[in-house]
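Visitor: Have a look at this one.
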Amino acid sequence: MIETSSSLRKSYKFGSVSLSLLDFDMSPIPKLIMVWVLTKPDAWHFYISHMLKVLRLTPAQWANAKKELIEKGFFIQLREHNQAGKLVWKNEFNDDPLKGADHE
């Protein structure tokens, strides 16, 4: 195979992801989800259903990925009462597990 150089020209704003995430011991779908989430603006709010649609994931794939993300410390899901007293889910993604990684 002939070695050729490649370049990338971007027309859109971009986000960045720590290289530690790409090397993190995790399955591909949870990594995909974290890359997608971490490239969004700070304090960005979204619906899980929107994420599944954009990433073309099934609810079963999300259930498996969510379990792994929780186990690895990237995702927290809590049930709370809102101001009206109704039970609601609070979901939070974070990059805390990457803070001690060697690859930065």
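Here, each number is a calculation from the coordinates, and none is a lab measurement. Predicted model only: the values in this text are computed from it and were never measured. No Cβ is skipped: glycine too gets one built from the backbone with ideal geometry, and neighbour counts run over all protein chains shown.
Visitor: If Lys and Arg each add +1 and Asp and Glu each add -1, what is the summed charge of the other residues whose beta carbon sits under 13 Å from the beta carbon of Glu68?
Guide: +2
Visitor: Count the net charge of all other residues whose Cβ sits under 11 Å from the Cβ of Phe93, scoring Lys and Arg as +1 and Asp and Glu as -1.
Guide: Once positives and negatives cancel, what remains is -1.
Visitor: Mind listing which chymotrypsin sites (Phe, Trp or Tyr not before Pro) in segment 32-104 are in a DSSP loop and have 13 or fewer other Cβ atoms within 10 Å?
Guide: For chymotrypsin sites (Phe, Trp or Tyr not before Pro) across segment 32-104 that sit outside H, G, I, E and B with at most 13 neighbouring Cβ atoms in 10 Å, the list reads Trp44, Phe46, Tyr47.
Visitor: Report the trypsin sites (Lys or Arg not before Pro) located in segment 11-104 that are in a DSSP loop and have at most 15 other Cβ atoms inside 10 Å of their Cβ, or state none.
Guide: The qualifying sites are Lys13, Arg56, Lys86, Lys99.
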